[in-house]
Amino acid sequence: HIALYPYRYFQVLRKMVFLLIAMSRYNESAQNIEKLKKIQTSDPFLKNRVYFAEINMSLLLYFRTGQFEHGLKRLKEIQNYISEHTILNKHQELLLFFRISCIYFGTANYKMAKKWLNKILNNPGKEARNVIQREAILLNLVLNYELNNHDLLEHLVKSTYRALYKWENPSSFEIAII
């Protein structure tokens, strides 16, 4: 039945991997990401969706498990993909930028993390979902601290504080960062 309904299979598998990662069941997540890679289709739209989901979930898994070096090994391939293919939508492109920034952050390459994060922060459109913008603003604060940009920190703390109280339901983590 998988061959008859590859898109349905992809959707179920993709959602299952996200749930497994959220439940910290990382070995099962990795096994199911491998299943994603094996989906065969002649539909270019589905191929693109499958590849995007695989790299997005792989980067998330590397981040959640602290396997940043594995993520670094994939970044060249992912950056080539971003430059050579049309990402499905702007939100997905910004999500990949955030995942890439997190991988660089995890390896203490703060300058590269900042470079990719700036692609989100400097995005003038409203394509990014609120959660990506929120996380990017908070990561920006931490990155500037790690980069010893003390002259910017006071301004960033104030602007992040103002942004925080405009957000609906700021989390205790978001409040603690400020």
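Identify, please: which residue in segment 134-153 is among the charged types (D, E, K, R) and modelled with pLDDT of 85 or more and is, among those, nearest to residue 108 (Cα to Cα)?
The initial filter retains those residues of segment 134-153 that are among the charged types (D, E, K, R), namely 134-135, 146, 151.
Of the ones still in play, those that are also modelled with pLDDT of 85 or more are 135, 146, 151.
Details: 135: 18, 146: 9, 151: 21 Å.
My answer is 146.
Scanning segment 63-109 for residues that are within 18 Å of residue 52 (Cβ to Cβ), open to solvent by less than 60 Å² (accessible area, probe 1.4 Å) and part of a loop (DSSP other than H, G, I, E, B) yields a count of 2.
Screening residue 47 against (1) under 18 Å from residue 60 (Cα atoms); (2) open to solvent by 40 Å² or more (accessible area, probe 1.4 Å) leaves a single unmet condition, (1).
Take the conditions (1) at pLDDT 95 or above; (2) more than 18 Å from residue 108 (Cβ to Cβ); (3) open to solvent by less than 40 Å² (accessible area, probe 1.4 Å); (4) of a type outside the set (Asp, Glu); residue 52 misses just one of them, which is (1).
Give the residue, chosen from 93, 69, 77, 34, that is modelled with pLDDT under 90, charged (D, E, K, R), closer than 29 Å to residue 113 by Cβ and more than 13 Å from the chain's Cα centre (by Cα).
Numbers: 93 fails: more than 13 Å from the chain's Cα centre (by Cα); 69 fails: modelled with pLDDT under 90; 34 fails: modelled with pLDDT under 90.
Every option except 77 fails the conditions.
If residue 122 passes every condition in (1) open to solvent by 50 Å² or more (accessible area, probe 1.4 Å); (2) modelled with pLDDT under 85 but one, which one does it miss? Failed condition: (2). The lone criterion from (1) part of a helix (DSSP H, G or I); (2) within 27 Å of residue 44 (Cα to Cα); (3) modelled with pLDDT under 80; (4) among the hydroxyl-bearing types (Ser, Thr, Tyr) left unmet by residue 165 is number (2).
Evaluate the following for residue 27: is it in a helix (DSSP H, G or I) and open to solvent by 80 Å² or more (accessible area, probe 1.4 Å)? Against the criterion (in a helix (DSSP H, G or I) and open to solvent by 80 Å² or more (accessible area, probe 1.4 Å)), residue 27 qualifies.
So which of 46, 20, 36, 13 is aliphatic (A, V, I, L, M) and more than 23 Å from residue 65 (Cβ to Cβ)?
Numbers: 20 fails: more than 23 Å from residue 65 (Cβ to Cβ); 36 fails: more than 23 Å from residue 65 (Cβ to Cβ); 13 fails: more than 23 Å from residue 65 (Cβ to Cβ).
Checking each option against the conditions leaves just 46.
What's the number of the only condition in (1) farther than 21 Å from residue 100 by Cβ; (2) at pLDDT 75 or above that residue 131 fails to meet? Residue 131 satisfies every listed condition except (1).
The values are calculated or read from the model by the stated rules, or taken from the named source; none is laboratory data. Being a predicted model, the structure only gives us computed values, none of them experimental. All Cβ positions, even for glycine, are placed from backbone atoms using ideal geometry, and neighbour counts span all protein chains on display. The accessibility values were calculated without ligands, DNA or RNA, using every heavy atom of the protein model including side chains. Shrake-Rupley method; radii C 1.70, N 1.55, O 1.52, S 1.80 Å.
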